[in-house]
Structures are given as C-alpha cells and as structure tokens.
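**Student:** To start, I am sharing the structure in question, which I have written as structure tokens.
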Amino acid sequence: MPLNDVSFQVLNGGLGRIAEGEDHVSALKFTAAAPGAYSGAKCKSYNDIEAVKTDGIVQGDATYGEAYYHASEFFRISPGATLWLCFGSATYAEMNTAAQGKIRQVGVFFSTFSDLTTVHQAGAIALDALHAPIQIIAGYNGAALTLGTAADQAINTAPNVSVLLAGDGGGAGKALATALTKPYVPAVGAVLGAMSKAKVHESPAWVEKFNLSDGLELETIRLADGNDNPSDATLSGLNTKRYLVFRKYVGRSGTYLNDSHSSIAGTDDYAYIESNRTIQKAKRQIYAALLPNLNGPLTVDADSGKLAPGTVKYFENQTNRPLNAMLSAGEMSGFGVYINPDQDVLATSKLQIQVKIVPRGVARNIVVNIGFSVTTTF
C-alpha cells in the first residue's frame, strides 16, 4: 500500500486556448434529436467540454450521454481543438453547410457494413466536389461482431473511411456500454481527437505522440465482440483486414492505434489516413490560392496564341505558394508544379496545371539486424 499523500491530477484545456489553423476542426454525427439549446439547428461547434455540458449534453443522460462520452474523449486527446456536434441524423451536406466547409475529419457510427461506401464514402465524395474534402472514422456500433468473419476492408473502395473496432474495457466507455447493453462503445471520440491533434502528414498511430490511454480510460482494450484484452493473433488478423484497433507495446505504458488504415487496398496511394489528409490539405490550399483567378484574363503570345511566359510564371507562383508553406511545415517531402506553355487556352478556355507531391514516409516497420562480431566495421 502506498504512503498517504496529497496528490494532484493536472487538468488541461481550462485556459480555453484554441488550436491554430483549421486542420483540427472535427465533427461527430449522432442520430438523436438535437438538444433544445440548438434552437432548431442540427449542428453546433465547441472548443471545450464545459461548453458541451452547458447545452445539456452531460454524462449519464439517457439521450445525450453517449455524445458526451465521445466529446469528452475528443477534448481529452485534443484540448483546444474545434468540435462540431451534429444531431438528428444530419447529412454530410447539412454538416458542411453549418461549418462553412471547415470540417476536416468526421466521426460516425454504423452497424451495416455496406453503409461504409453507399453512405459515408459517398458523402465524402460529395463534399470533395464542393472543395471541402474530409476523412471519416467509422465506429462499428451494432451487435457483437464475430471478428474472424469481419469483412476484409482491403477489398473495399472507401479511401476516405477508416473502420474502428475497438473501445474501452475498464473505464467510462465500459460503463457506458453496460448502461446501453452494448458489447462495447467504439472509441470514435478519442481516435478523432488523435486525428485532430496530428499534423496532416502524421499517422495517429505514432507511438511517441499518440498514447490514447490516461491510465484508466482505454487502458483496457475491448473489441467489437465484447471481449477484453485481445490476443496478438486476433489483433494481427484485424490489422491484415485493415481495421483500426488498439494495441500495447512491451516496455511502454499506454494504448495505441495499430495503424492508420483506410478502407481500400494497401497498395493504393490513399491507403492511409495521413496520405488522404495531406492531399486534402493541398487541394484546399491550392483551391484557395487559385480561386481569385477564376474567369480572369490569360495573356497569350501574339504570334503563337499560346500562353505567355509571364502568365505561366504567375500561375506557377500562385500554386507554389501554399505548397511551399506545407513543405516548410514538414507536411510533405517535396513537390513540383508544371504548366505546359503550349496549351491552347484560346480554344479551350481551360488552364491545366500539373502538381506532384512527394509525401512524408511513415516508419511502419523498423528492422534491426543485430548479432555478435569480431569487428564493428560495416
């Protein structure tokens, strides 16, 4: 038994500091009707859990207790971020309109696997067409799932969706699952918080930065079958099928994501959350830089009718500017911009710009070759 003492639990987020930029802006979608404080709206933004509670979204509430849990977990992981809570089965279009296109990642819940493509990936595609691309964390929220027969996400075609099958088995998540008579509650709020906290090029499974446990919550891993402390074989099987689950590491405390899979083949360019978030940010930034030039004049060479050198240089600079900012922030390894000066803009009224981005890598496996030797020469 430890000696009696006066102990402290250091809390975070009390100063109400808001995270910089907009990469952290996130949303959670629920089916319950919106609280009365929403005055008929379906979505509202928050920057701390105290503001959430002020609107009647509190722990243990029969209607909003689950929303409170996910919101509190989001802010536990990502204090100072912006979180939109959306109710009444708000559509992706309604959510996007309410937030004026600023939401970058969304947490949702599903029980029918076909919804991953027909509802959630379709929603992401629709928002991408509106220049508001998003990445989605979808937590399985149905009856106890037979993990061995869970659908292989590697054969899916939903790169903007990542499927979570893990939650808490010893803290508030476990208590909520018991109250709701569910096998588990997927930890969508916590994982969404990790995505919000991560820079766009960072995997939310980065061990050094994204421990999801506070020593109680998410310290015990529970999977969608309702069982705790899954075996390595079970976790490996789900990892192979490209699900998000939680894992432990020998010699290091805490709980971590296994990886950052999205629901598509691992060979696809957009097979991971950070790949999608990086390209989405680049698209948003380039769009903002080029939009003022839409319907503007293009100077062409009087003899050839092709783009004038000054026009080519101007648009290269406009495209380079936001990409240089991302490069300086360490969000990519490099990029290139090319505009073919021979394109006939007089005939097509279309200016084509080619952009290539070299992403940051992720150390998914670290292999150390070790052994005894009579020399240290390599």
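The values are calculated or read from the model by the stated rules, or taken from the named source; none is laboratory data. None of these values were measured; they are calculated from a predicted model. So basically every Cβ, Gly included, is an ideal-geometry build from the backbone, and we count neighbours across all protein chains shown. These area figures cover heavy atoms from the full protein model, side chains too; ligands, DNA and RNA do not enter into them. Shrake-Rupley method; radii C 1.70, N 1.55, O 1.52, S 1.80 Å.
**Student:** Would you point out the residue of segment 91-123, among those that are of a type in the set (Gly, Ala, Ser) and in contact with a strand residue (DSSP E or B) (Cβ under 6 Å, 6 or more places away or on another chain), that is nearest to Ile57 (Cα to Cα)?
**Tutor:** For segment 91-123, the residue satisfying everything is Gly107.
**Student:** To continue, here is another question. Can you list residue pairs whose Cβ atoms sit under 7 Å apart, with the first residue in segment 344-367 being under 26 Å from Asn320 (Cβ atoms) and the second being modelled with pLDDT of 95 or more and open to solvent by 100 Å² or more (accessible area, probe 1.4 Å)? Count only pairs 6 or more apart in sequence or on different chains.
**Tutor:** Gln354/Tyr338
**Student:** Does Val161 meet the test of being over 15 Å from Leu223 (Cα atoms), of a type in the set (Val, Ile, Thr) and touching a His at 6+ places or on another chain (Cβ under 9 Å)?
**Tutor:** yes
**Student:** With the requirement that a residue be within 27 Å of Tyr184 (Cβ to Cβ) and open to solvent by 30 Å² or more (accessible area, probe 1.4 Å), what does segment 92-110 give you?
**Tutor:** Across segment 92-110, the qualifying residues are Arg104, Phe109.
**Student:** Output yes when any residue across segment 71-88 is outside any strand (DSSP E or B), open to solvent by 30 Å² or more (accessible area, probe 1.4 Å), under 14 Å from Phe30 (Cβ atoms) and of a type outside the set (Ser, Thr, Tyr), and no when none is.
**Tutor:** Looking through segment 71-88, none of the residues is outside any strand (DSSP E or B), open to solvent by 30 Å² or more (accessible area, probe 1.4 Å), under 14 Å from Phe30 (Cβ atoms) and of a type outside the set (Ser, Thr, Tyr).
**Student:** How many residues does segment 341-367 hold that are within 19 Å of Ala282 (Cα to Cα), at pLDDT below 95 and loosely packed, with under 13 Cβ neighbours inside 10 Å?
**Tutor:** Selection size over segment 341-367: 1.
**Student:** Under the condition of being in a helix (DSSP H, G or I) and acidic (Asp, Glu), which residue from segment 50-70 is least open to solvent (accessible area, probe 1.4 Å)?
**Tutor:** Here the residue is Glu66.
**Student:** List the residue pairs whose Cβ atoms are under 9 Å apart, where the first residue sits in segment 282-296 and is closer than 16 Å to Leu327 by Cβ and open to solvent by 40 Å² or more (accessible area, probe 1.4 Å), the second is in a helix (DSSP H, G or I) and of a type in the set (Asp, Glu), and the two are 6 or more positions apart or on different chains.
**Tutor:** Note: pairs meeting the criteria are Lys283/Asp128.
**Student:** Give the residue, chosen from Asp259, Asp268, Asp301, that is of a type in the set (Asp, Glu) and touching a Phe, Trp or Tyr at 6+ places or on another chain (Cβ under 9 Å).
**Tutor:** None of the others qualify; the one that does is Asp259.
**Student:** Further, regarding this structure: Name every residue in segment 111-135 that is more than 15 Å from Ile279 (Cα to Cα) and surrounded by 20 or more Cβ atoms within 10 Å (Cβ to Cβ), in order of residue number.
**Tutor:** Leu116, His120, Gln121, Gly123
**Student:** Looking only at segment 235-259, which residues are open to solvent by 20 Å² or more (accessible area, probe 1.4 Å), touching a helix residue (DSSP H, G or I) at 6+ places or on another chain (Cβ under 7 Å) and within 11 Å of Ala166 (Cβ to Cβ)?
**Tutor:** Arg247, Asn258
**Student:** Can I ask one more? May I ask you to list the residues in segment 178-205 that are touching a strand residue (DSSP E or B) at 6+ places or on another chain (Cβ under 7 Å) and over 16 Å from Ile136 (Cα atoms)?
**Tutor:** Across segment 178-205, the qualifying residues are Tyr184, Val185.
**Student:** Let me ask something else about it. Residues that are outside any loop (DSSP other than H, G, I, E, B), of a type in the set (S, T, N, Q) and surrounded by 16 or more Cβ atoms within 10 Å (Cβ to Cβ): does segment 328-340 have at least one?
**Tutor:** No - not one qualifying residue is present in segment 328-340.
**Student:** Which number in (1) within 24 Å of Arg360 (Cβ to Cβ); (2) touching a helix residue (DSSP H, G or I) at 6+ places or on another chain (Cβ under 9 Å); (3) not small (Gly, Ala, Ser) marks the one condition that Val207 misses?
**Tutor:** The single condition Val207 does not satisfy is (2).
**Student:** Give the residues of segment 198-209 that are more than 11 Å from the chain's Cα centre (by Cα) and buried (at least 23 other Cβ atoms within 10 Å of the Cβ), sorted by residue number.
**Tutor:** Passing the criteria: only Ala205.
**Student:** If only one of Leu192, Leu176 is under 16 Å from His261 (Cα atoms) and surrounded by 21 or more Cβ atoms within 10 Å (Cβ to Cβ), which one is it?
**Tutor:** Leu192
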